[in-house]
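Step one of this worksheet: look at the structure below.
The values are calculated or read from the model by the stated rules, or taken from the named source; none is laboratory data. Because the structure is predicted, anything quoted here is derived from the model rather than measured. Here Cβ is always computed from backbone atoms with ideal geometry, including for glycine, and neighbour counts include all displayed protein chains. Calculation scope for accessible area: heavy atoms of the full protein, side chains included, ligands and nucleic acids excluded. Shrake-Rupley method; radii C 1.70, N 1.55, O 1.52, S 1.80 Å.
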Amino acid sequence: RQAARKAVVMNFSDLGAKGVRPTAFLSNLALPRDIPVEEVEELARGFEEGAREYGGYIIGGDTNEADDIIISGVAIGVADEGALIKREGATPGDILATTGYFGDTASAFKMLLEEYEAPKEIEESILGSVYSPRARVEEGVALAEAGAATSSIDSSDGLARSLYDLSRSADLGFRVTQIPISQNTRRFAEHNDLDPRALALYGGEEYELVFTVDPKKLGKAREALRKVGCTLIVIGEATEEKEIVHVEDGVSRPIERGGWDHFKG
């Protein structure tokens, strides 16, 4: 159920990043011959749960046989073409912002795949970031309707990767003045003697929005997000220099390209 719901969330997240409201989802399943009927029913519940959570519907799909369970899907949404938030719209001087804090998913994968431990009081919350993620659909639609964002991407491949993708599309760079690290990640990193900045930059699957805003419309963007229960977090600005750096205490350090790289693993 969680895996099927997540398949919907990750697709709806891409629509939300463009300011598109999802309307439908087509599920594609490949299933082993001997899979219990109860597990197939759980997959169906997950698809339905994810779609209805964001106001969409499951409208069909395809099912085939395979040696493993394979889940994929296609999300469909409708938007005014003129209101779409693209990747290439940023200009130097634009404010760089996000809809949330980062690092919990990287921490969770450390726990799930590398046997790291978290303080008991934050363990469930950290693991929930992977098992039950949420897409920032309402936030993306709000920014689009307000006409406040100049570019946007979802952070499914990691914060650093998202910055590089936006940089390439707009042919500019970014000066990051604040890495948005969650409090849970700071505690997890301290508990395990890890670098919280690396967890926040190179994790992925957060599904937060990473976006740019015209400085003259920053107030408008803040208000649009506030109305849907989200706080805009300023993390830097776009620059003419085509480099991505983190500036802290007057010292500038490059942010390396990292995160999930498709087709390379």
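The residues on offer are Glu123, Glu53, Glu81, Glu65, and the sole one that is of a type in the set (D, E, K, R), surrounded by fewer than 15 Cβ atoms within 10 Å (Cβ to Cβ) and over 30 Å from Arg33 (Cβ atoms) is Glu81. In region 98-117, the qualifying residues are those that are open to solvent by less than 10 Å² (accessible area, probe 1.4 Å) and hydrophobic (A, V, I, L, M, F, W, C), and the one that is farthest from Asp195 (Cα to Cα) is Ala108.
Of the strands (runs of 3 or more DSSP E) entirely within region 55-117, those holding at least 1 residues that are at pLDDT 95 or above and among the aromatic types (Phe, Trp, Tyr) occupy 57-65.
Of the residues Arg187, Arg134, only one is over 16 Å from Gly258 (Cα atoms), in a helix (DSSP H, G or I), in contact (Cβ under 8 Å) with a residue 24 or more places away in the chain and open to solvent by 10 Å² or more (accessible area, probe 1.4 Å); which? Before you say what the answer is, go through the steps one by one.
Values: Arg134 fails: in a helix (DSSP H, G or I).
The conditions single out Arg187.
Candidates in region 34-54 are the residues that are part of a loop (DSSP other than H, G, I, E, B) and free of Cβ contacts under 8 Å to residues at least 24 places away in the same chain; of these, the one that is nearest to Thr23 (Cα to Cα) is Pro36.
Here Phe174 passes the criteria (1) open to solvent by less than 10 Å² (accessible area, probe 1.4 Å); (2) over 18 Å from Ser107 (Cβ atoms); (3) part of a helix (DSSP H, G or I) except the one numbered (3). Would you confirm whether or not region 57-80 contains a residue that is in contact with a Phe, Trp or Tyr (Cβ under 8 Å, 6 or more places away or on another chain) and among the hydroxyl-bearing types (Ser, Thr, Tyr)? The answer is yes, given that some residue of region 57-80 is in contact with a Phe, Trp or Tyr (Cβ under 8 Å, 6 or more places away or on another chain) and among the hydroxyl-bearing types (Ser, Thr, Tyr). Does Arg161 satisfy being farther than 30 Å from Arg45 by Cβ and either assigned to a helix (DSSP H, G or I) or open to solvent by 10 Å² or more (accessible area, probe 1.4 Å) (or both)? In short, yes.
Residues in region 47-74 that are closer than 20 Å to Arg136 by Cβ and of a type outside the set (A, V, I, L, M, F, W, C): Glu49, Gly50, Arg52, Glu53, Tyr54, Gly55, Gly56, Gly73.
When each of Glu205, Glu248, Glu240 is tested for being open to solvent by 30 Å² or more (accessible area, probe 1.4 Å) and under 30 Å from Ser132 (Cβ atoms), the lone residue that passes is Glu205. Selection of first residues in region 228-247 that are closer than 19 Å to Arg161 by Cα and of second residues that are among the basic types (Lys, Arg), restricted to Cβ pairs under 6 Å at least 6 apart or on distinct chains, gives the following pairs, ordered by first then second residue: Gly236/Arg175; Glu237/Arg175; Thr239/Arg175; Val245/Arg175; His246/Arg253; Val247/Arg175.
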